[in-house]
Amino acid sequence: MKSMITNYGISKTGLIRKNNEDSISIFKNSCYVLADGMGGYDGGETASQLAVNAVKSFLTKYELHAINEQVLTNAIQFANQEVLKHKKQAMTLSSMGTTLIVVVIHGNVLYWAHVGDSRLYIFNNKIESITQITEDHSFVMHLFKEGKINFSEMKKHPRRNEITRAVGIKPELVVDKGHLTFDINSVMLLCSDGLTSMVTDQSINNCMKKHKIIKKFNLKACMNELIDMTYKAGAEDNVSVILACDESLENGVNYE
């Protein structure tokens, strides 16, 4: 039987900013894009929407089975050129840029590519454990890897919001990419730092464990609670979440 994917996504304005600089898209049922823009009131929103639209335009030329991590990398490079091109045409948007993470799932494999500090997590429904797959391209992560600060100091550092790689900043862009097995025990979480800056990984893990009932997983309820947790913590930034997993009922996975 061909594996099918069920997914939910939401993007909401936080409690401080008046506009939402995040953009998300789900298409071909198993392609996911999430971007978190930067660059002022108009710039961030424009950059994230441009990047997401560029990726969709690039990937719609491919059959789903032909999309792998290199194709996703090329899609991000294309988005980078599109944002740079737009910046030249509108000088008021000269400081804009965006994080960008792109995922596709087919044939029990998840392919991903990303720049910035939006994240991909995988929750293993069997062992009830979450793993961060992507590495943040941020100033504090650079300090952490050099041993100059510890994990708790990363959360409090005054430059914790600075990213070191983004779409739309330079013509040359290094993109991280990879792939992993995605089976009936896997739940994908894509999110902007609007979630992870407000909610700890342990709290995210506990939320996902809560919505596992025997071998079933309530995807929509989990997504809504992650958003609620962010708002209860203060929602200082916009927050975007995409969740996905296999919908096969015969293997005990169920959704509302």
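A few comments on the model shown:
- Checked against (1) over 15 Å from residue 5 (Cβ atoms); (2) under 17 Å from the mean Cα position of the chain (by Cα); (3) open to solvent by less than 20 Å² (accessible area, probe 1.4 Å), residue 190 meets all criteria but (1).
- Residue match in the range 201-213 (condition: among the aliphatic types (A, V, I, L, M), closer than 19 Å to residue 128 by Cα and assigned to a helix (DSSP H, G or I)): yes
- Selected residue (only one of 247, 236, 225 is at pLDDT below 90 and either charged (D, E, K, R) or open to solvent by 70 Å² or more (accessible area, probe 1.4 Å) (or both)): 247
- The residues listed here are 101, 105, 76, 67; of these, the one that is buried (at least 16 other Cβ atoms within 10 Å of the Cβ), within 30 Å of residue 246 (Cβ to Cβ) and touching a Phe, Trp or Tyr at 6+ places or on another chain (Cβ under 6 Å) is 105.
The values are calculated or read from the model by the stated rules, or taken from the named source; none is laboratory data. Just so it is clear, the structure is predicted and the values come from calculations on it, not from any experiment. Please note: Cβ atoms are built from the backbone with ideal geometry, for glycine as well, and neighbour counts cover all protein chains shown. Surface areas here come from the heavy atoms of the whole protein model, side chains and all, with no ligands, DNA or RNA. Shrake-Rupley method; radii C 1.70, N 1.55, O 1.52, S 1.80 Å.
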